[in-house]
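The values are calculated or read from the model by the stated rules, or taken from the named source; none is laboratory data. On a predicted model such as this, the values are computed, not experimentally measured, just so you know. Virtual Cβ from ideal backbone geometry, glycine too; neighbours counted across all protein chains shown. To get the accessible areas, we keep the full protein, side chains included, count just its heavy atoms, and leave off ligands, DNA and RNA. Shrake-Rupley method; radii C 1.70, N 1.55, O 1.52, S 1.80 Å.
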Amino acid sequence: QVQLVESGGGLVQPGGSLRLSCVASGSIFSINAMGWYRQAPGKQRELVARITIGGTTTYLDSVKGRFTISRDNAGNWVYLQMNSLKPEDTAVYYCNTEGYYGRSWGQGTQVTVSS
């Protein structure tokens with residue numbers, strides 16, 4: 001079992017930047033991939049970015065070139081650097097892991113992009 005805690009959300013103006021962080025604890029040896037999802041009001045949760053233990057990354061088309069996912073060498077931190085933020089990026093962002101024990105989710109952190 002893996003526990004996740006996110007941080008770094010907040011209010012930012014269009015064109016601004018934020019960096020989300022997520023720390024995993026528990027059975028981190030069981031993690032195969034880490035990622036970030038988001039859910040806006042009235043919409044389904046969607047995958048924003050994902051990184052495997054081998055370093056392979058996947059991005060939602062609408063964030064390519066603006067967002068960068070990374071992880072630390074120890075494998076228990078994952079980050080999402082978000083640049084050139086747009087109002088449509090407003091959502092609750094959730095950290096996620098995949099692994100031997102299935103999926104784990106963080107509690108979510110609100111990102112609001114507004115002038």
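Since Thr57 meets every condition but one in (1) surrounded by fewer than 21 Cβ atoms within 10 Å (Cβ to Cβ); (2) under 16 Å from Ser30 (Cβ atoms); (3) of a type outside the set (A, V, I, L, M), which condition does it not meet?
(2)
Of the residues in segment 93-108, how many are assigned to a strand (DSSP E or B) and out of contact with any helix residue (DSSP H, G or I) (no Cβ under 7 Å at 6 or more places or on another chain)?
10
Identify all residues within segment 1-22 that are more than 19 Å from Thr112 (Cβ to Cβ) and open to solvent by 40 Å² or more (accessible area, probe 1.4 Å); write none if there are none.
The answer is Gln1, Gln3, Val5.
Please verify whether segment 56-64 includes one or more residues that are over 21 Å from Ser114 (Cα atoms) and of a type in the set (Phe, Trp, Tyr).
Yes, there is a match, as at least one residue in segment 56-64 is over 21 Å from Ser114 (Cα atoms) and of a type in the set (Phe, Trp, Tyr).
Among the residues of segment 9-36, what is the count of those that are over 21 Å from Thr57 (Cα atoms) and not in a strand (DSSP E or B)?
6
Could you list, in sequence order, the residues of segment 69-91 that are outside any strand (DSSP E or B) and either surrounded by 15 or more Cβ atoms within 10 Å (Cβ to Cβ) or of a type in the set (Phe, Trp, Tyr) (or both)?
Asn76, Leu85, Asp89, Thr90
From the list Gly55, Gly108, which one is within 13 Å of the chain's Cα centre (by Cα) and on the phi > 0 side of the Ramachandran plot?
Gly108
Look at segment 48-60 and say how many of its residues are part of a strand (DSSP E or B), without any contact (Cβ under 8 Å) to a residue 40 or more places away in the chain and of a type in the set (A, V, I, L, M, F, W, C).
Matching residues across segment 48-60 total 2.
Determine whether Gly42 is without any contact (Cβ under 8 Å) to a residue 60 or more places away in the chain, over 14 Å from Gln110 (Cβ atoms) and assigned to a loop (DSSP other than H, G, I, E, B).
Considered against the rule, which asks whether it is without any contact (Cβ under 8 Å) to a residue 60 or more places away in the chain, over 14 Å from Gln110 (Cβ atoms) and assigned to a loop (DSSP other than H, G, I, E, B), Gly42 comes out as yes.
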